[in-house]
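Down below is the structure, laid out as C-alpha cells.
The values are calculated or read from the model by the stated rules, or taken from the named source; none is laboratory data. All figures in this text were calculated on a predicted structure; none of them were measured in a lab. All Cβ positions, even for glycine, are placed from backbone atoms using ideal geometry, and neighbour counts span all protein chains on display.
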Amino acid sequence: MKLSELSFGILLLFSFSACVSQQPDAETECYATEYVNPFIGTDFTGNTYPGAQAPFGMVQLSPDNGLPGWDRISGYFYPDSTIAGFSHTHLSGTGAGDLYDISFMPVTLPYKEADAPLGIHSLFSHDEETASAGYYQVRLKDYNINVELTATERCGIQRYTFPEADAAIFLNLRKAMNWDFTNDTRIEVVDSVTIQGYRFSDGWARDQHIYFRTRFSKPFASVQLDTAAVIKDGKRIGSSAIARFDFHTSAGEQILVTTAISGVSMEGAARNLAAEAPADDFDKYLAVTRKNWNEQLSKVEIKSNDIDEKVKFYTALYHSMLAPTIYSDMDGAYYGPDKQVHQADGWTNYSTFSLWDTYRAAHPLYTYIEPQRVNDMVKSFLAFSEQNGRLPVWNFYGSETDMMIGYHAVPVIVDAYLKGIGDFDPKKALAACVATANIDEYRGIGLYKKYGYVPYDVTDHYNSENWSLSKTLEYAYDDYCIARVAEKLGKMDDYRFFMKRALSYKNLIDPETKYMRGRDSQGNWRTPFSPIAYQGPGSVNGWGDITEGFTLQYTWYVPHDVQGYINEAGEELLRVRLDSMFVTKMADDIPGAHDIQGRIGAYWHGNEPCHQILYFYNYLKQPWKCQEKLRYIMDTFYGNTPGALSGNDDCGQMSAWYIFNTMGFYPTAPSSNVYNLGSPGLPAVDMQMSNGKHIRVTTKNWSKKNVYVKEVYLNGKKYNKSYVTYNDLKGGMDLHFVMSARPNYKRGTSDDAVPPSISEKKVKE
C-alpha cells in the first residue's frame with residue numbers, strides 16, 4: 001500500500017472514531033464531521049478558508065496557495081494547485097488582504113522553490129485533501145508529506161507524516177501578501193524543541209503585533225536562520241527572518257508542530273501554549289475542538305432528508321462562528337488600539353468586527369445562541385472606545401481600519417441591552433454611543449448634523465471617499481438605535497435629539513422621482529442622476545454617493561421607518577418600483593463589482609445592502625412576493641460546492657442571513673425587536689436558546705415547490721401578522737407554517753399585519 005493510501009485510510013478511521021467517542025449514543029449526530037464543508041466559499045466570490053479553527057478562535061490555521069491577488073484574499077483559492085505554507089491567521093470571507101502570520105512549510109530535500117512571490121511550495125490535489133469543522137488534511141505531492149491541522153482557541157497544532165528522508169520545516173516570517181507589509185520579525189531558539197518570536201506588520205491592520213511560541217515534538221538536528229533588513233522610506237525599520245529546522249525522518253514518522261500566538265508578548269504566547277496545548281497530542285486536541293464544534297452546531301436542529309441541505313445549513317452556522325475572534329490571552333491581557341497592553345478582568349476581549357456586514361444578521365443570531373459572547377463583545381466595544389476615542393467601525397488586531405461606514409457597533413450594543421443581555425453598564429454604553437455619533441470631524445458627521453444629510457460636494461478630510469447618501473441613511477438608522485436605548489434609560493433629551501436625526505433620511509427623498517438622491521451643500525440634487533449607476537470601488541461613473549452599490553439598492557435602506565418612506569413615496573409607486581428591481585437589465589460585467597453576484601436584476605444578494613430589501617413586500621402588503629424570492633435565493637445562491645456563495649461571506653453575515661431565513665423570519669432592523677416573516681427554507685428547525693427555551697419552526701406541506709405561506713400559527717393560534725417580536729421569541733416560540741404552491745393573496749394585507757415603523761400609516765384625507 002502506498003503511503004498516501006495508508007494515510008487516507010487512517011484518516012477515515014480516525015474521523016469516525018473521534019465522533020463516536022463524543023457521542024452518548026449511536027443515534028447522536030457528529031455535526032462537525034458529517035455536515036460541515038469548509039470548502040464552501042473557497043471558490044468564486046466567497047473568500048473563505050478551509051483550515052482549522054475553534055469556535056471564534058484567535059487561531060485560524062489554514063493553507064496558503066502562496067500567490068497574491070483578490071481571489072486569494074483569504075490565502076486559499078480552490079482552483080489553485082500549489083500550497084506554500086500553513087499560517088495561523090486569516091480573515092473569513094472579507095475583501096481585505098491581510099494576516100497570513102506565522103507560516104510553516106514542511107519539505108523533503110531537495111525542496112522546490114520558485115521565484116517570488118510563490119517561493120517554497122508543493123503541488124497538491126483535491127483528491128488528497130479533506131476538511132471538517134476544526135480539522136484540515138492535505139498531502140503535499142512533491143514531498144509525499146501528509147499534513148493535518150487542528151486548533152484550540154489560541155493554539156494551532158500541525159501533524160506532519162513524513163517519508164524516509166532528509167527533511168526540513170521552514171518558518172517564514174518574511175513573506176507578506178496582498179495588503180500586508182513586514183515591519184520587523186524575530187525568531188529565538190529556546191531549546192532543541194522550542195522556539196519563540198514575533199512578527200510586526202502593517203497592512204489593513206496598522207502596526208499589527210503577533211507573538212508566538214512553538215514546540216516541536218522531535219528535536220531538530222540543526223537550524224539555519226536567514227535575516228534581511230527591512231527598508232521603508234529609505235530607512236531600516238527592522239529585520240525579516242526565515243528559519244529552517246532540519247530533521248532526518250523514517251517512513252511514516254510524525255512530527256507535531258504546536259504554536260500558540262498572542263497579541264501581547266512572547267511570554268503571553270508561552271502561557272497560552274502551556275494552558276491550551278501542553279502535550280504533543282494531536283488527537284486529543286482535535287477531539288476537544290470537534291466536541292466544541294458539535295456543542296455549538298447542535299444548538300440548532302433541522303429536519304431534512306437531503307444531505308446537501310444539511311451541509312448547507314450547518315456550514316452556514318459554522319461560518320457564522322468563525323468571527324469575531326478572541327483577542328485576549330488566557331490571563332486576559334490584550335493589545336489595544338492605543339498601542340498599550342490592557343487587561344480584560346472576568347471577560348474575554350474580541351476583535352475582527354466586520355460591523356457594516358454583521359450587525360444585520362450575525363450579531364442578532366448571537367443574541368439567542370451566544371449571549372455570553374455578546375456581553376463580552378459589547379465590553380470589547382466599550383474598552384475600544386475608551387482607548388480609541390470612539391466605538392469601533394471595523395477593528396481587528398488592536399487597530400481601527402475605518403472600513404465601510406456608519407457606527408454600527410451601536411445597534412449591536414442596543415440590541416443586547418434591550419434584550420437584557422449581559423452585565424455591562426448601560427449608561428456607559430449610551431455615553432459611548434452618543435459620543436461616537438457626535439464626532440463632527442469624523443466622516444461627515446458634523447455636516448450631517450448641520451444640514452440633516454451629508455452633502456456630496458464638501459470634502460471630508462478624514463477619509464477620501466464620499467459615500468454621502470449611504471452615510472446619511474446609515475447614520476439615521478444608528479441614531480434610531482441610540483434613541484431606543486436613551487428612551488429606556490429615561491434620557492429623554494437624548495431620545496428626542498436622536499429620534500429627530502433618525503428621520504434625516506427624508507432629506508434625501510427626491511420629491512420628483514421619490515428615489516433617495518444625493519444633495520450638495522446648497523440643497524441641489526445630484527445631476528446627472530441614474531438609479532442604477534454602480535458607484536462602488538473601481539466604478540467608472542465618477543460619483544461617490546453610494547457605498548458598494550447604486551441608488552436603486554440603497555433607496556430601500558430605511559429599516560427603522562419603512563412606513564415613513566411609503567408615506568413619502570406612495571404605496572403603489574413603491575410596489576411597481578420594487579417589482580421592477582428584479583427584472584431590471586444590467587450589464588454582466590460591471591467594473592468594481594465582479595465579486596458581487598447572486599444577481600436578480602438589480603437585486604444583488606452578494607452584497608449586504610440588499611439583505612433586507614425583500615421584506616419591503618411585507619410593508620407593501622404583498623408578502624407572497626417576498627416568500628417566492630426568498631426561497632429562490634436560498635435554493636440558488638447557497639449550496640454544497642466550493643463556489644456556492646454568491647458574494648464575500650463577510651465574517652459570517654451571508655451565512656447568518658441564510659440561517660435566519662431558513663427559520664422563516666429575519667431581523668430587518670436589529671434593535672427594533674421586530675422580525676419579518678418569510679418562507680421557511682426547511683421543513684422544520686429547532687433552535688435551543690441559552691436560557692433553555694426553544695424556537696421551534698414547523699411546517700405542513702413543505703416542499704421545494706410549495707414556497708408560499710397559506711397560514712401561520714403562533715403557539716397554536718392562528719396568526720395573521722407579517723412579523724413576530726422578541727417578546728414572542730424570548731420565552732420560547734412555536735411557529736407553524738402551512739405551505740402552498742399558490743399565493744395567499746389575503747394573508748398579510750391588513751393594516752395591522754404590517755410590521756411597525758417609527759411612522760404611522762398616512763391616513764388619506
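At-a-glance table
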quantity	calculated
Lone qualifier among A167, A131 - being more than 28 Å from the chain's Cα centre (by Cα), closer than 30 Å to R271 by Cα and either in the same structural domain as T89 (by TED's automatic domain parsing) or surrounded by 20 or more Cβ atoms within 10 Å (Cβ to Cβ) (or both)	A167
Scan of region 424-475 for residues that are within 28 Å of the chain's Cα centre (by Cα) and of a type in the set (S, T, Y), ordered by number	T436, Y442, Y462, S464, S468, S470, T472, Y475
Qualifying position, being surrounded by fewer than 16 Cβ atoms within 10 Å (Cβ to Cβ) and either without any contact (Cβ under 8 Å) to a residue 12 or more places away in the chain or more than 19 Å from T459 (Cβ to Cβ) (or both), among R501, R517, R484, R496	R496
Residue match in region 78-88 (condition: surrounded by fewer than 20 Cβ atoms within 10 Å (Cβ to Cβ), modelled with pLDDT of 95 or more and either among the hydrophobic types (A, V, I, L, M, F, W, C) or outside the structural domain of D43 (by TED's automatic domain parsing) (or both))	no
Search result, residues across region 683-702 that are crowded, with 20+ Cβ neighbours inside 10 Å and β-branched (V, I, T)	V685, I695, V697, T699
Selection count where residues are of a type in the set (F, W, Y), closer than 14 Å to T367 by Cβ and part of a helix (DSSP H, G or I), scope region 656-678	1
Considering residues of region 401-423 that are of a type in the set (D, E) and either at pLDDT below 95 or surrounded by fewer than 19 Cβ atoms within 10 Å (Cβ to Cβ) (or both) only, the residue farthest from the chain's Cα centre (by Cα)	D423
Test set (1) out of contact with any Leu (no Cβ under 7 Å at 6 or more places or on another chain); (2) touching a residue at least 60 places away in the same chain (Cβ under 8 Å); (3) at negative phi - L109 fails condition number	(2)
Long-range neighbours under 8 Å by Cβ, at least six apart or interchain, first residue surrounded by fewer than 18 Cβ atoms within 10 Å (Cβ to Cβ) within region 199-220, second polar (S, T, N, Q) and assigned to a loop (DSSP other than H, G, I, E, B)	R206/T401; P219/S192
Verdict on V36 being within 27 Å of Y143 (Cβ to Cβ), surrounded by 24 or more Cβ atoms within 10 Å (Cβ to Cβ) and at pLDDT 95 or above	no
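Here's the yes/no breakdown for (1) buried (at least 24 other Cβ atoms within 10 Å of the Cβ); (2) at pLDDT below 95:
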{"residue": "M1", "(1), (2)": "no, yes"}
{"residue": "Y31", "(1), (2)": "yes, yes"}
{"residue": "G66", "(1), (2)": "yes, no"}
{"residue": "G97", "(1), (2)": "no, yes"}
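For every residue, the table says whether it meets (1) in a loop (DSSP other than H, G, I, E, B); (2) buried (at least 22 other Cβ atoms within 10 Å of the Cβ); (3) modelled with pLDDT under 95; (4) not assigned by TED's automatic domain parsing to the domain that holds Q60.
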position: F245; (1), (2), (3), (4): no, yes, no, no
position: T259; (1), (2), (3), (4): no, yes, no, no
position: G268; (1), (2), (3), (4): no, yes, no, no
position: D283; (1), (2), (3), (4): no, no, no, no
position: K291; (1), (2), (3), (4): no, no, no, no
position: K312; (1), (2), (3), (4): no, yes, no, yes
position: A316; (1), (2), (3), (4): no, yes, no, yes
